[in-house]
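Beneath this line is the structure, given in structure tokens, with notes to follow.
The values are calculated or read from the model by the stated rules, or taken from the named source; none is laboratory data. Just so we're clear, the structure is a prediction, and the values are computed from it rather than from any experiment. In this analysis, Cβ positions are derived from the backbone assuming ideal geometry, glycine residues included, and neighbour counts consider all displayed protein chains.
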Amino acid sequence: MEREIMVNETKQYIVVKLGGEQYGIDISYVDNIVRMQKITRVPNVQPYFKGIINLRGEVVPVMSIRTKMGLEDDEFTNSTRIIILKVEEQGSLGIIIDQVKEVVTLGTNEIDKVAYDAMDERNNFINGVGKHGEELISLFDINCIIGEKEAVL
């Protein structure tokens, strides 16, 4: 009789805050974290695209994840950061977050997949919930978040 061995794979997530909620971003997508800076507006783009920044000579589109998720507008503080995501097909994209909290390592046994109603668009951005100690961390589905980037430039 064969025994199945359950493998508990781990992944690292950068935990960020948006309002009072915590979200996790798979660290493999994160290229850089930069302080808030001047964003140059671009006309005729979706409302959640705030514009572009010049990051060491590279033009990077920046979007408000709050606006895209239907949350209240961004409030810029000393903790506000732009996380530069690197995705092979689309290149770089910056997302504005309120605060970077920490990096956590979650095993597959600490992550619950989320079942959602396709009509509730806000949940499409979350593909799981991580349990880290007593805290719950909603895990972003980066591919859903950046899926419309090609419409920017």
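One table, with the values for the structure above:
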| quantity | calculated |
| --- | --- |
| Residue within segment 38-47 that is of a type outside the set (Val, Ile, Thr) and closer than 24 Å to residue 15 by Cβ present | no |
| Close pairs (7 angstrom Cβ cut-off, 6 or more residues apart or separate chains): over 22 Å from residue 138 (Cβ atoms) and touching a residue at least 24 places away in the same chain (Cβ under 8 Å) in segment 23-45, of a type in the set (D, E, K, R) and surrounded by 11 or more Cβ atoms within 10 Å (Cβ to Cβ) anywhere | 34/81; 35/81; 36/81 |
| In segment 76-129, the residues that are at pLDDT 90 or above and out of contact with any strand residue (DSSP E or B) (no Cβ under 7 Å at 6 or more places or on another chain) | 76, 77, 78, 108, 109 |
| Elements of type strands (runs of 3 or more DSSP E) contained in segment 4-102, each with 1 or more residues being aliphatic (A, V, I, L, M) and surrounded by fewer than 17 Cβ atoms within 10 Å (Cβ to Cβ) | 30-35, 58-64, 81-87 |
| Among residues of segment 37-60, those that are in contact with a strand residue (DSSP E or B) (Cβ under 7 Å, 6 or more places away or on another chain) and not polar (S, T, N, Q), counted | 13 |
